[in-house]
Amino acid sequence: MTDPLLGYIEKELNKGFSEKDVLEKLVATGYKKEKIQSLLQELPKHHAEPTKFELVIAVIVILLLIVGAFFMITNTESSDIVKKEDTTLKVPEEMEKPKEFYTEPSGISRLTGS
């Protein structure tokens with residue numbers, strides 16, 4: 001027959017509480033520390049809690065990914081952006097206007113105004 005305390009410990013661990021938290025809570029309510037530790041050893045090991053070092057590394061990696069994505073989005077070069085170019089031929093106003101040509105009935109072109 002299973003110890004009800006063992007069932008309680010397993011249920012609390014499955015909720016996400018650490019072994020240390022469960023141990024402290026049960027000791028505070030009057031259970032013997034040695035009994036709880038022996039019951040904890042009977043249970044299959046739950047995934048290990050991440051250390052502070054692992055958490056710091058995870059935070060740094062996430063921040064680097066966010067910063068990298070931000071720079072990729074905001075620092076696109078102009079070659080990456082398709083621009084519609086103005087294909088209209090424009091002659092600067094300060095350029096001299098061309099002289100007028102006319103064609104005589106004989107087919108010879110002559111300048112006017114000279």
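Where a number appears in this text, it was derived from the coordinates with a stated rule and is not lab data. Remember, predicted model here, so these are calculated numbers, not experimental data. Using ideal geometry, Cβ is built from the backbone for each residue, glycine included, and neighbour counts are taken over all protein chains shown.
Here is how the numbers come out for the structure above:
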quantity	calculated
Residues located in region 1-40, provided they are among the small types (Gly, Ala, Ser) and assigned to a helix (DSSP H, G or I)	Gly7, Ala28, Ser38
All positions within region 16-70 that are among the acidic types (Asp, Glu) and surrounded by 10 or more Cβ atoms within 10 Å (Cβ to Cβ)	Glu19, Asp21, Glu24, Glu42, Glu49, Glu54
Selection count where residues are of a type outside the set (Gly, Ala, Ser) and assigned to a helix (DSSP H, G or I), scope region 41-61	11
